[in-house]
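Trainee: One structure, pasted below without further comment.
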Amino acid sequence: MKLRRIHMQRLAVFLAAISWIFLLGIAMIEQYRFSHLNIMEEYVPISIEGALLNSFIVFTYIFLWLQSRKNESQPFHNLIWKVFLTGMVCTLFSGVLSLASSLVGISGDTQKLVSIFTFRVDFGLLTIFLLTTFNTWKRMILYEKTRYAVIVWFLFEIALFSTLTSHFFQLTESESILINVFRAVFFIMIMLLSVNLKWVPHLVFNQKITSVFQLLVSLFCLAYFFANIISYYDDPTLQIEDYSENIFYSVLSIFIIIYGISSLLVILFNLPTSSVFEKKLKELSIFQELSSEITEGKNDNQIYKMLLESASSSVSADASWLEVHQQDVFLYKDITKEDTYLIKKEIYQAGYNEKKLKIITKRRLLPFQTKSQYNSILAVPLISGDEYLGIMVLLKKLTNAFDNTMISMVNTFSAQAGIAIQNFKLISQVVESERYKNELEIAKAVQERLLPEKLQVNGTFEFFAKSKPATEVGGDYYDLHRLSEHEYVVIIADVAGKGISAAFNMAQMKGIFQGLVRLNLNPDEFLIKANAALTSCLERSAFITASYFHINTETFKIRYARAGHCPTLFYRDAQDKVEYLETDGLGLGIIRNESYKNYVSINEISYQKNDIMMLYTDGIVEAQNTETKEIYGFERLHDYFENNHDKSIENIGNTLISNLNNFTNAGNINDDFTILLIKF
Amino acid sequence: MEITTFNEGKYYIIKINGELDASSSLILDDAIEEAVNKDQKLLLFDCENLHYISSPGIGVFTSRIEDHEQKKIYLVLYGMNEKVFNVFKILGLDKILPIVNEKEEAKILLNGALNKN
């Protein structure tokens, strides 16, 4: 079963208490034998008594060690407070006990036994106090430890506890000399350890004062115990162990006293510089706060507020304000708005130039001096990126009140705030652009739905279509509509331009097509009506090109009209030749009146099985090589088609696109493009 | 793209150098606007050094057709290379915008248009 700490602690206390009670018992019996029977010899062998004492020491120490592990991150002044408290409680307890024993007023042998009891209690309390302090000093010494300090401490602790073995023996004279050598070694180690006082600067001024007091009191408590215990030895009628020569206790006490005194002195010497250290700490925490504001992406107002607070408290300004015109921010502290106008005017007159921090200290520069009580003014421009945001002004009544440290601090604060504000701006921009991106993604999905997903052609001809916008959305459009069992309409259209505006017009074109196609118009009539419809909804510089085909699969005839769209390629299987279907036709939206009808014509061709029709948009023929600036062109497209007509139409289309991607040298076609293939 | 404009007698010549794409079409549009504001009626577009034209470039010419008709402004494009002319032709613009080979031809054409009215 795994023992929990609390159980272990209880066990340690129990064992320590048992050991102590046995020690007390033995001492009582020995005293009794001494005073009544006059027997000087030990009642029990020295080794047993030593073992009991060691068990008391070790278990007490284990208890304290477990206790200290419970709260490892205690601040140092709390640790000292604990030592102080332990010392006080122990001393008080001992004092009350001795007072009580003297008040009871018994005498004779019983009094001797009482003395033995109080001695044992005092000695136990002293042990507890010493070990508590030892444990505390240990933590202080090992704060921000160096490897060297850890090694010395380790040796010291091992050596100290190994001296416990001396309790098992009665030491001879020569061994005592050896022990003095040990003492010297211990002393050196203690001196080495006593310089580890890195915790001292972390106490603030008030904590230092109370720590000094508490350390002094603790040392006095220790002195009281020593004096008290020595007083027992003065009584020759008492049969008690002489611990004054005990190496464990003497080394422990010397260590505690020396480290205590060295802490005391170092704290005292640190008192005058304490405020500097505290100020630095405060600055550091302000920096930290400002930095966290940055990472948290707090908004401008919070940053301004924070800046004014930090800056004015770090220079202990008597009054201050901060204004940012663009955002209508005006924060002021201990000053009226009216006064700020006056002072601001003065600052500008004194040569503040929105680029550099300005210190104004000469009182005679200020014409409002009769009213103003401020003799030092610090004007700090707030700059984010390259943009001048506003001004922060710190005012002090003292003359020449801003020293270099303050100025550089305030400068750093304002720079930090500038970064924070810029960060905030950037984050907002990212959020905004992310939003646009999402909107575009939606637009893309919507537009993709505008193009027919499945083309139902009932096996009378094969159909292949591929369309890709240059950006998320584009202006290319195609559609297929079945009018009757044998009649189909195919349209391909291309809105001038790219992107969102083209996409909107493409959607309009779809609306017009869907609206007009059911009327079963002739191709030229369709274009005339579409042109009229677009007149009112297309911006003046925009136009749309389109080709409209009416396919009759019963008569094998195609009637078509072209509105400025790229000429259709037609492969005739019988002649094994590809040709462009040349016909006149003006783009939609160019002429926005009745006369448009003069510019379109209707054509009719017959087709046979295995003929292939290729429709495309100008993205295909205008694909340009990024280096040579050469464009793909009509001729290449014609030749490609003629050489590849025997492939499946999927293959013809997909290979054409990958050829084009290679041709551009950039890996992609920098325009909307669409390719439609119909194989009869 | 670069645009130079100058008068040759009653003719206002707009010379287009380079590629006419979406961004440069705005410059051309400004140049035409300026000519209209200067009350120029006979505009000649020198396309000898026009290497490429995109849809927005075409839009500059098409967007003003009706406006010019109303204001009795006449324009002729001349000196186009085959590639650029092909773009106009595919769109059917060769039927509505006068496009000729030489500057002199263009002037004659404009004169004729002027006299007709």
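Trainee: Cβ-Cβ under 6 Å, sequence separation 6+ or interchain: first residue in the range A:185-211 and assigned by TED's automatic domain parsing to the domain that holds A:Ile267 and more than 20 Å from A:Ala149 (Cβ to Cβ), partner open to solvent by less than 70 Å² (accessible area, probe 1.4 Å) and charged (D, E, K, R). Which pairs?
Mentor: A:Val204/A:Glu278
Trainee: Filtering the range A:533-551 down to residues that are open to solvent by less than 20 Å² (accessible area, probe 1.4 Å) and part of a loop (DSSP other than H, G, I, E, B), which residue is farthest from the other protein chains (Cβ to nearest Cβ)? Before you say what the answer is, go through the steps one by one.
Mentor: Taking the range A:533-551 as the starting set, the residues that turn out to be open to solvent by less than 20 Å² (accessible area, probe 1.4 Å) are A:534, A:538, A:542-551.
Next cut, part of a loop (DSSP other than H, G, I, E, B) only: A:538, A:542-543.
Details: A:Leu538: 10, A:Ala542: 6, A:Phe543: 6 Å.
It comes out as A:Leu538.
Trainee: Test A:Ser263 against the criterion of being buried (at least 18 other Cβ atoms within 10 Å of the Cβ) and part of a helix (DSSP H, G or I), and give yes or no.
Mentor: Criteria met by A:Ser263.
Trainee: Then there is this: Applying the selection to the range A:392-434, what residues are open to solvent by less than 50 Å² (accessible area, probe 1.4 Å), closer than 17 Å to A:Glu289 by Cβ and not hydrophobic (A, V, I, L, M, F, W, C)?
Mentor: A:Ser414, A:Gln416, A:Gly418
Trainee: Restrict the check to the range B:73-81 and report whether at least one residue is among the polar types (S, T, N, Q), within 14 Å of chain A (Cβ to nearest Cβ) and open to solvent by 30 Å² or more (accessible area, probe 1.4 Å). Steps first, please.
Mentor: Going through the range B:73-81, the residues among the polar types (S, T, N, Q) turn out to be B:81.
Applying the additional criterion that residues be within 14 Å of chain A (Cβ to nearest Cβ) yields B:81.
Keeping just the survivors that are open to solvent by 30 Å² or more (accessible area, probe 1.4 Å) gives B:81.
Yes, the range B:73-81 contains a residue that is among the polar types (S, T, N, Q), within 14 Å of chain A (Cβ to nearest Cβ) and open to solvent by 30 Å² or more (accessible area, probe 1.4 Å).
Trainee: Taking the range A:594-637 only, how many residues are open to solvent by 30 Å² or more (accessible area, probe 1.4 Å) and either touching a Ser or Thr at 6+ places or on another chain (Cβ under 7 Å) or away from chain B (no Cβ under 14 Å) (or both)?
Mentor: The qualifying residues number 11.
Trainee: Against the definition (more than 25 Å from A:Tyr596 (Cβ to Cβ) and of a type in the set (Phe, Trp, Tyr)), how does B:Phe6 come out, yes or no?
Mentor: The answer is yes for B:Phe6.
Trainee: If you check A:Gln9 against the conditions, is it open to solvent by less than 20 Å² (accessible area, probe 1.4 Å) and either assigned to a helix (DSSP H, G or I) or not small (Gly, Ala, Ser) (or both)? Talk me through it step by step, then tell me what you get.
Mentor: Working: open to solvent by less than 20 Å² (accessible area, probe 1.4 Å): yes; either assigned to a helix (DSSP H, G or I) or not small (Gly, Ala, Ser) (or both): yes.
Taking the combined requirement at face value, the residue satisfies it.
Trainee: Residues in the range B:1-20 that are open to solvent by 50 Å² or more (accessible area, probe 1.4 Å) and within 14 Å of chain A (Cβ to nearest Cβ): how many?
Mentor: 1
Trainee: Another one. Need the failing condition index for A:Gly475 against (1) under 36 Å from the mean Cα position of the chain (by Cα); (2) surrounded by 15 or more Cβ atoms within 10 Å (Cβ to Cβ); (3) among the small types (Gly, Ala, Ser), just the number.
Mentor: (1)
Trainee: When you check B:Tyr52 against the structure, is it out of contact with any Pro (no Cβ under 7 Å at 6 or more places or on another chain), assigned to a strand (DSSP E or B) and within 14 Å of another protein chain (Cβ to nearest Cβ), yes or no?
Mentor: On the way: out of contact with any Pro (no Cβ under 7 Å at 6 or more places or on another chain): yes; assigned to a strand (DSSP E or B): yes; within 14 Å of another protein chain (Cβ to nearest Cβ): yes.
Yes; evaluated as a whole, the condition is true for this residue.
Trainee: Let me ask another. For the range A:233-245, indicate whether the set of residues that are in a helix (DSSP H, G or I) and over 24 Å from A:Asn180 (Cβ atoms) is non-empty. Step through it out loud before you land on a result.
Mentor: Just the residues of the range A:233-245 that are in a helix (DSSP H, G or I), to begin with: A:233.
Filter once more, so that each one left must be over 24 Å from A:Asn180 (Cβ atoms): none.
Among the residues of the range A:233-245, not one is in a helix (DSSP H, G or I) and over 24 Å from A:Asn180 (Cβ atoms), which makes the answer no.
Trainee: Whether any residue in the range A:215-229 is farther than 30 Å from A:Leu24 by Cα, open to solvent by 60 Å² or more (accessible area, probe 1.4 Å) and outside any helix (DSSP H, G or I) is what I want to check. Outline the logic, then answer.
Mentor: Our first condition is that a residue be farther than 30 Å from A:Leu24 by Cα; within the range A:215-229, this holds for A:215-216.
If we keep only those that are open to solvent by 60 Å² or more (accessible area, probe 1.4 Å) as well, we get A:216.
Retained after the next criterion (residues that are outside any helix (DSSP H, G or I)): none.
No - not one qualifying residue is present in the range A:215-229.
Trainee: Taking the range A:552-593 on its own, how many of its residues are within 14 Å of chain B (Cβ to nearest Cβ) and either assigned to a loop (DSSP other than H, G, I, E, B) or acidic (Asp, Glu) (or both)? Spell out the reasoning first.
Mentor: Kept after step one, since they are within 14 Å of chain B (Cβ to nearest Cβ), are these residues of the range A:552-593: A:561-569, A:580-593.
Adding the requirement that they be either assigned to a loop (DSSP other than H, G, I, E, B) or acidic (Asp, Glu) (or both) leaves A:565-568, A:581-584, A:586-587, A:589-593.
Summing the residues that are within 14 Å of chain B (Cβ to nearest Cβ) and either assigned to a loop (DSSP other than H, G, I, E, B) or acidic (Asp, Glu) (or both) in the range A:552-593 gives 15.
Trainee: Looking only at the range A:563-593, count every residue that is open to solvent by less than 20 Å² (accessible area, probe 1.4 Å) and of a type outside the set (Val, Ile, Thr) and tell me the total.
Mentor: Of the residues in that region, 14 qualify.
Trainee: Let me ask something else. Can you tell me which residues in the range A:478-511 are hydroxyl-bearing (Ser, Thr, Tyr) and surrounded by fewer than 20 Cβ atoms within 10 Å (Cβ to Cβ)?
Mentor: In the first step, residues of the range A:478-511 are kept if they are hydroxyl-bearing (Ser, Thr, Tyr); the result is A:478, A:484, A:488, A:501.
Within the range A:478-511, A:Ser484, A:Ser501 meet the criteria.
Trainee: Kindly evaluate A:Glu72 against the criterion of being acidic (Asp, Glu), in contact with a helix residue (DSSP H, G or I) (Cβ under 9 Å, 6 or more places away or on another chain) and assigned to a helix (DSSP H, G or I).
Mentor: Numbers: acidic (Asp, Glu): yes; in contact with a helix residue (DSSP H, G or I) (Cβ under 9 Å, 6 or more places away or on another chain): yes; assigned to a helix (DSSP H, G or I): no.
So A:Glu72 does not fit the description; no.
Trainee: Looking at A:Leu64, is it more than 16 Å from A:Asn135 (Cβ to Cβ) and open to solvent by less than 40 Å² (accessible area, probe 1.4 Å)?
Mentor: Details: more than 16 Å from A:Asn135 (Cβ to Cβ): no; open to solvent by less than 40 Å² (accessible area, probe 1.4 Å): yes.
Criteria not met by A:Leu64.
Trainee: Please go through the range A:510-527 and pick out each residue that is hydrophobic (A, V, I, L, M, F, W, C) and more than 13 Å from chain B (Cβ to nearest Cβ). Please lay out each step first, then the result.
Mentor: From the range A:510-527, those hydrophobic (A, V, I, L, M, F, W, C) are A:512-513, A:516-517, A:519, A:521, A:526-527; that's our starting set.
Across the range A:510-527, the qualifying residues are A:Ile512, A:Phe513, A:Leu516, A:Val517, A:Leu519, A:Leu521, A:Phe526.
Trainee: Please enumerate the residues belonging to the range A:297-319 that are farther than 18 Å from A:Glu354 by Cβ and either of a type in the set (Gly, Ala, Ser) or part of a loop (DSSP other than H, G, I, E, B) (or both).
Mentor: Those that are farther than 18 Å from A:Glu354 by Cβ and either of a type in the set (Gly, Ala, Ser) or part of a loop (DSSP other than H, G, I, E, B) (or both): A:Gly297, A:Lys298, A:Asn299, A:Ser310, A:Ser312, A:Ser313, A:Ser314, A:Val315, A:Ser316, A:Ala317, A:Asp318, A:Ala319.
The values are calculated or read from the model by the stated rules, or taken from the named source; none is laboratory data. Keep in mind that this is a model prediction, so the values were computed, not measured. Please note: Cβ atoms are built from the backbone with ideal geometry, for glycine as well, and neighbour counts cover all protein chains shown. Protein only, heavy atoms only, side chains kept; ligands, DNA and RNA dropped before computing areas. Shrake-Rupley method; radii C 1.70, N 1.55, O 1.52, S 1.80 Å.
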